[in-house]
Structures are given as C-alpha cells and as structure tokens.
Amino acid sequence: MRGGRWLILAALLPAAGLAEPRTYRVASPAEGSKAEAVVVYSLGSHTQVAQEIRGGVTLDPTTLASGSGAVVVPIAGIRGDGGTRDCHMREALGLDYAAGGRFPKEHVCDGQDRLPASGAEAVAFPDIRLEVLGSRPLDELALLEAGKPVRVELDVRWTLHGVARPGRELVRVLRDGAGLRARGRSTVNLAEHGVQVRPTKVLFAEIKVGDAVTVTYDLRLVPVSP
C-alpha cells in the first residue's frame, strides 16, 4: 500500500517539475539567425548587420524558465554600407580610449579603412555580449504547442566597449522544429557604455551619431545533443 501511495503522488506532480533544462547553441546567420542595429545620424539613419553570431543558452523547454547563457557578436563581423563608416564603428566600440592612442580626438582608420593590428590603436574590446541571467514566461505555455509565440521576460547583462550594464528584455519564443526561436528588440545607450563616436565631415556638414541604438534579433536556438 505504501508503494501505491508513492505512485499516486508521482502522478500528481506537475509535468514541469519533471522536466530538465536543455542546452541550445545559437545558430549562425547562415543557419537562419539574424541581428541588426539601426544607428541614427544627424542626417538620417543606417542599418548595420551582424555577419557572425555565436553562443548558447540553457533553459527548460517546457517552462521557458531559469534561462542562462550568452550571445556574442564580434564587432569585426558587423557590416553596414562598408568602408569608412564601418571602420569608424570599430573605432568607437573596440578601442580603449585610455590606452594612449589618438582616438577619440581624431580618427585612426587608415586609407584602406583598417585599424592597426597591435598597439594603443588596436581593438581592445572585440565583442558585444548579451548574457541571459534568468527568464520568466508571461503567457500560457500552451501557445507554444499551438505554433504561437510566448512572451518571456529576461534578466540580461549587455557588455559593450568593455562596460557591462544589467537590464531586462522582452522576447517572443516560438517552437522551431526540435529547437526554439527567440525574437526581440532592444535599445542600447552608447553613452552608458562609455562609447564615443567621433563626428565625420561630409562636404560642409558634420555628421553626428545619436546615443540610442535600436537592436533587433531573431535567433535560432538549436538543441545540443547530450
């Protein structure tokens, strides 16, 4: 009879309590992940697209709770319209201004839109990181099985230009075959990360960059085999 009571209690346990976290890798752009940033200038805006995305997350696929992990975008793989503007982006995000180089007093990109490979004017902060510290679903999880998105609130930490800032993100998670897909939009304030973008002169106009950058992402999360 004692054994029968244990069987009854086990049957009454919620399915979520029996689930286990799974590890997912972030698929590359060639596999369907996307991330881009819209940068606002005094004369308009332009979009920069991540050509490389990597990382991984761990979470319970049945509850979408207790998420952890990181998404990494190398600044060398971020492309806008190419050329000088992209090099200026790498200056602002990647250089250590306290290392003794000329930037941000003046641009240091050469005639081929390159930065030095070493020394005070070489890239010191090569990556942008978005760390996931926790997750909480806001909708009924039955929506997942119906092919609809579930809103999930994330505790995150953005690291940009070597400066980490905590925050919260709202993403929409959907089933994607055996994996998941996470879609979100964020506003990153460059000044909060100590980023300085030097103005550029075009003819008689001085083009300045605003502090607020809108980042959108659509990430495929592919399950990693145990």
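The values are calculated or read from the model by the stated rules, or taken from the named source; none is laboratory data. The structure displayed is predicted, hence computed values, not measured ones. Cβ: placed from backbone, ideal geometry, glycine included. Neighbour counts: every protein chain shown. When the accessible area is computed, the model is the full protein with side chains, heavy atoms only, and any ligands, DNA or RNA have been set aside. Shrake-Rupley method; radii C 1.70, N 1.55, O 1.52, S 1.80 Å.
Against the definition (at pLDDT below 95, surrounded by 15 or more Cβ atoms within 10 Å (Cβ to Cβ) and not polar (S, T, N, Q)), how does residue 195 come out, yes or no?
On the way: at pLDDT below 95: yes; surrounded by 15 or more Cβ atoms within 10 Å (Cβ to Cβ): yes; not polar (S, T, N, Q): yes.
Judged against the criteria, residue 195 is a match.
Taking residue 139, is it in contact with a Cys (Cβ under 6 Å, 6 or more places away or on another chain) and in a loop (DSSP other than H, G, I, E, B)? Spell out the reasoning first.
Values: in contact with a Cys (Cβ under 6 Å, 6 or more places away or on another chain): no; in a loop (DSSP other than H, G, I, E, B): yes.
No.
Take the residues in the stretch 71-89 that are closer than 22 Å to residue 212 by Cα and small (Gly, Ala, Ser), then tell me which one is modelled with the lowest pLDDT.
82
Can you name every residue in the stretch 62-93 that is within 30 Å of residue 174 (Cβ to Cβ), part of a loop (DSSP other than H, G, I, E, B) and open to solvent by 20 Å² or more (accessible area, probe 1.4 Å)?
62, 63, 65, 66, 80
Would you point out which residue out of 159, 187 is part of a strand (DSSP E or B), under 14 Å from the mean Cα position of the chain (by Cα) and modelled with pLDDT under 95?
That would be 187, the only listed residue that is part of a strand (DSSP E or B), under 14 Å from the mean Cα position of the chain (by Cα) and modelled with pLDDT under 95.
Among the residues of the stretch 90-122, write down those that are at pLDDT below 95, among the acidic types (Asp, Glu) and touching an Asp or Glu at 6+ places or on another chain (Cβ under 9 Å).
91, 113
Say whether the condition of being in a loop (DSSP other than H, G, I, E, B), closer than 30 Å to residue 223 by Cβ and touching a residue at least 60 places away in the same chain (Cβ under 8 Å) is met by at least one residue in the stretch 94-111.
No, the stretch 94-111 has no match at all.
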